[in-house]
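Taking it in order: structure first as C-alpha cells, then the write-up.
The values are calculated or read from the model by the stated rules, or taken from the named source; none is laboratory data. Remember, it's a predicted structure, so these values are computed and weren't measured experimentally. All Cβ positions, glycine included, derive from the backbone under ideal geometry; neighbour counts span all protein chains shown. In case anyone asks, the SASA skips ligands and DNA or RNA and just uses the protein heavy atoms, side chains included. Shrake-Rupley method; radii C 1.70, N 1.55, O 1.52, S 1.80 Å.
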Amino acid sequence: MEEQTVVLIVGAGPAGLATAACLTQLSIPYVIVEREDCSASLWRNRAYDRLKLHLAKEFCELPHMAYPEDAPTYIPKDQFVKYLDNYIERFDIRPKYQTAIESCSYDEGRKCWFSMARDMTTSVVLRYTAKFLVVASGENSAENIPVITGLDGFAGEAIHSSRYKSGASYSGKNVLVVGCGNSGMEIAYDLASHGANTSIVIRNPVHVVTKEIIRLGMTLVQHIPANVVDGLLVRLSNFVFGDLSKHGIVRPKLGPLLQKAKTGRSAVIDVGTISLIKNGTIKVLGNISKIEGNTVEFEGRKESTFDAIVFATGYKSTANRWLKNGESMLNDDGLPKQEFPNHWKGANGLYCAGLAKRGLAGIAMDAKNIANDILSSCHA
C-alpha cells in the first residue's frame, strides 16, 4: 500500500496536532501517523495523577483554539486531555494510530520523503510519500534512566517517572527519587504526602520559584530584557524561600529565564516540596555511587536502604532511530542543531515541531511557522 500526501506528520502529541490544525487552516492536505493507540499518550498514560500544567493557561494554548472561559489558570492533566480531544474534533484531525514509522529517507530523484511504516495491529507494511515531513515525535519519546553500578540487581522496585501514578501504594516505605526537575520534586512531595519516607537526589544547581513568580517573569519578559527580569525573579524567590544552600539546593549562575532559553532546563515550580525539605520530612541526598541489594551508597560513602527508586530523569528523542537524511536539522541526540528560534526547519522540506524544549508555547510557534513555510513553498 502506498499513500501520497503533501505533508506527513510523525507523532500525534500536542506538536503533531497543532501542526495538523495549522495545515487545515491553510487547506494543505496531510497525513498524521502515531505509534500509540491514542493521541498525546504521554499526557494520557504516562503522567502522574496530581499533575497540572506548570505554566499559566495563557502560555499553554495550541493555535486557533483558546481554553474555555471558565478554565482554571493552571490546567489539571484531565482538563488538558479534554482540551486536546476537543481540538482534534474542532479541526477534524484523524491520526492513523498504531502506525509506527520504521524508516524515512529523502528521495533525491523524486524530490520527496519516502517512509516505510508498519500497522502494529496487523503487521502490514505501509508506504507514504510526501513532499514535506514534520518530525513531531517528541522530546519525551523514550525513558532516560542513568547507568548506575548495581541498579540491575536492586532488590526493590525501580521505575521511571512515566510509570508513577500516585504515592498511595508507597505509604510507610522508604522511597528514593532521582532527579530534581519539576517531576522529581512533585513526585517527592506526593510520596511524602502519602506517608512514604522520602529522599531525593539533587545533583545539579536548580532554580526554585513559585508559579506566580514564573508567570510574572513570562509576562514581563515580553517587554523587558530577560536578564533584568531574571534579576527580579531571583530576588523574589530568595525572599520567598530564603537561602536553600544549607538544604543542598544551590541556584545556577544563569537566571531562570536565560537558563531555559540557553539550555532548555526549566526552573522548578514549587508545589510544597521545599517546606518538607526544610522541616526534614524529605531528605536531600547527593550523587549515587552504587547499589547493592536494597542499599544505595551515595558520594561520601553515606548509605541508606530503599524499597523503591523513582527515576525522574527525563526522556530522550527517538527521531534518529527512523529518520535517515535528517542531519540538516537534528544532532546525534535527535534534537535540533540550530538554536531557537531557527531550529524548526531543515533541508528538502524537513521540519520539526516541539523539539526546542519550549513547552506548549514553543509548540504553537513551531506549528504556525511550519504551516506558513509549507504554504509559501507550495506557491513558490
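Taking the centroid of alpha carbons for each part, the stretch 1-27 and the stretch 194-234 are 34 Å apart. Full extension of the chain between Arg235 and Ser123 yields a length gain of 34.6 nm, computed as 0.36 nm times the residue separation minus the alpha carbon distance. Rolling a 1.4 Å probe over the protein heavy atoms of the stretch 193-319, with every protein chain left in place, gives an accessible area that is 54 percent carbon and sulfur. Can you list the lysines whose alpha carbon is less than 18 Å from that of Lys260, not counting same-chain residues fewer than 8 positions off? Cα-Cα hits under 18 Å: Lys211, Lys316, Lys337, Lys357.
Report in % the part of the accessible area of the stretch 144-185 that belongs to carbon and sulfur, leaving out ligands and nucleic acids; probe 1.4 Å. So the carbon and sulfur contribution to the accessible surface is 49 percent. Secondary-structure-derived ellipticity at 222 nm for the chain, considering helices only, amounts to -8500 deg cm²/dmol, per-run term -39500 (n - 2.57) for DSSP H runs with n ≥ 4. Helix 359-379 versus the longest principal axis of the chain: what is the Cα-based angle in degrees, 0 to 90, to the nearest 10? Relative to the chain, helix 359-379 is tipped by roughly 10 degrees.
How much net charge surrounds Ser115 when only other residues with a Cβ under 14 Å from its Cβ are counted (Lys, Arg +1; Asp, Glu -1)? Around Ser115, the charge tally is +2. Ligands, DNA and RNA aside, Phe132 has an accessible area near 10 Å² when probed at 1.4 Å. Cα centroids of the stretch 37-64 and the stretch 261-324: 22 Å apart. When a 1.4 Å probe is rolled over the protein heavy atoms, the share of accessible surface on the stretch 66-123 that falls to carbon and sulfur comes to 46 percent.
In degrees from 0 to 90, rounded to the nearest 10, what is the angle of the helix 182-193 Cα long axis to the longest principal axis of the chain? Between helix and principal axis, roughly 50 degrees. Excluding ligands, DNA and RNA, the accessible surface per residue across the chain is 46 Å² with a 1.4 Å probe. Panel note: the C-alpha atoms of the chain, placed on their principal axes, show extents of 63, 51, 37 Å (largest first). Residues considered: Gly293, Gly272, Gly13. Largest GNM mean-square fluctuation over the chain, using C-alpha springs under 10 Å, is found at Gly293.
How big is the antiparallel share of DSSP beta bridges in the chain, given as a percent to the nearest 5? Working shown, then result.
Values: 26 of 62 bridges.
Bridges in the chain that DSSP calls antiparallel: roughly 40 percent.
Give the shape of the stretch 1-160 as rounded, prolate or oblate, defined through the alpha-carbon gyration tensor: a ≥ b ≥ c are the square roots of its eigenvalues, a/c under 1.5 means rounded, and otherwise the shape is prolate if a/b is larger than b/c and oblate if not. Oblate, since a/c reaches 1.5 and b/c is not below a/b. Figure legend: label point modelled 7 angstrom from the Cα of Asn86 along Cα→Cβ; residues of the stretch 49-63 with amide N under 13 Å from it are 61-62.
Length available on full extension from Leu151 to Gln25: 0.36 nm per residue minus the Cα-Cα distance, which gives 40.4 nm. Taken along the Cα-to-beta-carbon direction at a fixed 7 Å, the label points for Val284 and Lys246 span 1.2 nm. Seen against the Cα atoms of the chain and their longest principal axis, helix 77-90 is set at about 10 degrees.
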